[in-house]
1. Is it true that some residue in the stretch 256-277 is within 30 Å of Ala33 (Cα to Cα) and buried (at least 16 other Cβ atoms within 10 Å of the Cβ)?
2. With the structure loaded, tell me whether Arg177 is surrounded by fewer than 20 Cβ atoms within 10 Å (Cβ to Cβ) and not polar (S, T, N, Q) or whether it fails that test.
3. Within the group Ala295, Ala302, which residue is touching a helix residue (DSSP H, G or I) at 6+ places or on another chain (Cβ under 6 Å) and under 30 Å from Thr95 (Cβ atoms)?
4. Where the second residue is of a type in the set (Lys, Arg) and the first is touching a residue at least 40 places away in the same chain (Cβ under 8 Å) and lies in the stretch 215-236, which pairs have Cβ atoms under 6 Å and are six or more apart or on separate chains?
5. For the structure I just gave you, tell me whether Gln206 is over 29 Å from the mean Cα position of the chain (by Cα), surrounded by fewer than 16 Cβ atoms within 10 Å (Cβ to Cβ), not assigned by TED's automatic domain parsing to the domain that holds Val146 and not aromatic (Phe, Trp, Tyr).
6. Please tell me if Val245 is of a type in the set (A, V, I, L, M) and free of Cβ contacts under 8 Å to residues at least 24 places away in the same chain.
7. Look through Val245, Val285, Val296, Val229 and report the one residue that is within 23 Å of Arg150 (Cα to Cα), in contact with an Asp or Glu (Cβ under 6 Å, 6 or more places away or on another chain) and either surrounded by fewer than 17 Cβ atoms within 10 Å (Cβ to Cβ) or outside the structural domain of Val148 (by TED's automatic domain parsing) (or both).
8. Tell me which of these Phe195 doesn't satisfy, since it passes every other one: (1) over 25 Å from Leu70 (Cβ atoms); (2) in contact with a strand residue (DSSP E or B) (Cβ under 6 Å, 6 or more places away or on another chain).
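The values are calculated or read from the model by the stated rules, or taken from the named source; none is laboratory data. The structure presented is a predicted model; accordingly, all values stated were derived computationally and were not measured. Cβ sites come from the backbone with ideal geometry, for glycine too, and all protein chains shown count toward neighbours.
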Amino acid sequence: MTSCAENGCTIADMNLHVSGTTPNPHHLLVLLAVARTGRFTTAAESLGLNHTTVSRQIAALDKSLGGRTLARTVGGWELTDLGRKAVRAAEDVETAVATINAGEAEADAISGVVRISATDGFSAFIIAPAVAQLRRAHPNLSVEIVTVTRRALQHRSGLDLEVVVGEPQVHRAEAIRLGYYTLGMYASVSYLKEFGSPAGIKELSQHRLVYFVDSMLQVDDLDAPRRLVPGMLDSLSSTNVFVHVEATRAGAGIGFLPCFMADHHPDLVRLLPEDFAENLPYWMVLRPDSLRQPAVAAVAQALRQRTIAVKDALLGITPLSH
């Protein structure tokens, strides 16, 4: 899509001049902040304003445009169709202001805050190094990561992109498959010396499982241990995969672990790889308008490149090198 900054169109040309009053550019920037954070309070903090001022300026913008730009959802505030048009104009205003503030130097569009929701392992081994490398070229970029294992949200207020396990079922979103990773059964060397190594699936039922808390697991694709070895009882459960790895290393039981996290620990042994090699996809989910933001687009591309670069490690073929 061609932006107003590129073709010289005005806000009125974008059907925003609706009620006879030209929108205040500052109000457009306030809307942009709310759209990116999903909350008035968070947007107010980022702008150095108070919640009441943000609410009042959004109301003034709505009045000038002749309609609502935001709709309340369970997760926060989402843009209406009119709001999405207004945000596109706001991004052009933001770009113009950044160019002015940069003086004669070319403004770096890849700047500001990008907010991501992703699983623990992906955040540590994919996002962190990808962002670190990206920031070397774009030091004004900041990335916030919320680590969680869940289905893709229907409303992504306050998030620029999500990374989830399993194909997402979402509307008004763009979903991109990043790649696959493999889960396998592991035990520590000390555990196997004490309790012996299972020769097959049936013998696994004699051992305890280290894995997710079953009642809190929201991702159907991650139910392999309960599906394949239903008789295996829990030993230590956690919502954090790093706890799974360390508990398995400590001998708490047999862990069902991502190979890319387990394989670089020499004290862990993979068990029954022919029977347990669950390949699961990582998907990236974004709001339709997110990729129009240079910073979000750059981060998304960096995640895709990093995932491709460590493909063999994710599949458990070679150890992951940092």
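1. Residues of the stretch 256-277 that are within 30 Å of Ala33 (Cα to Cα), as a first pass: none.
No; the residues of the stretch 256-277 include none that is within 30 Å of Ala33 (Cα to Cα) and buried (at least 16 other Cβ atoms within 10 Å of the Cβ).
2. Details: surrounded by fewer than 20 Cβ atoms within 10 Å (Cβ to Cβ): yes; not polar (S, T, N, Q): yes.
For Arg177, the condition - surrounded by fewer than 20 Cβ atoms within 10 Å (Cβ to Cβ) and not polar (S, T, N, Q) - is met.
3. On the way: Ala295 fails: touching a helix residue (DSSP H, G or I) at 6+ places or on another chain (Cβ under 6 Å).
Unique residue meeting the criteria: Ala302.
4. Short answer, once both residue conditions are applied: Gln218/Arg150; Gln218/Arg151.
5. Numbers: over 29 Å from the mean Cα position of the chain (by Cα): yes; surrounded by fewer than 16 Cβ atoms within 10 Å (Cβ to Cβ): yes; not assigned by TED's automatic domain parsing to the domain that holds Val146: yes; not aromatic (Phe, Trp, Tyr): yes.
Yes, satisfied.
6. On the way: of a type in the set (A, V, I, L, M): yes; free of Cβ contacts under 8 Å to residues at least 24 places away in the same chain: yes.
Yes; evaluated as a whole, the condition is true for this residue.
7. Result of the check over Val245, Val285, Val296, Val229: Val285.
8. (2)
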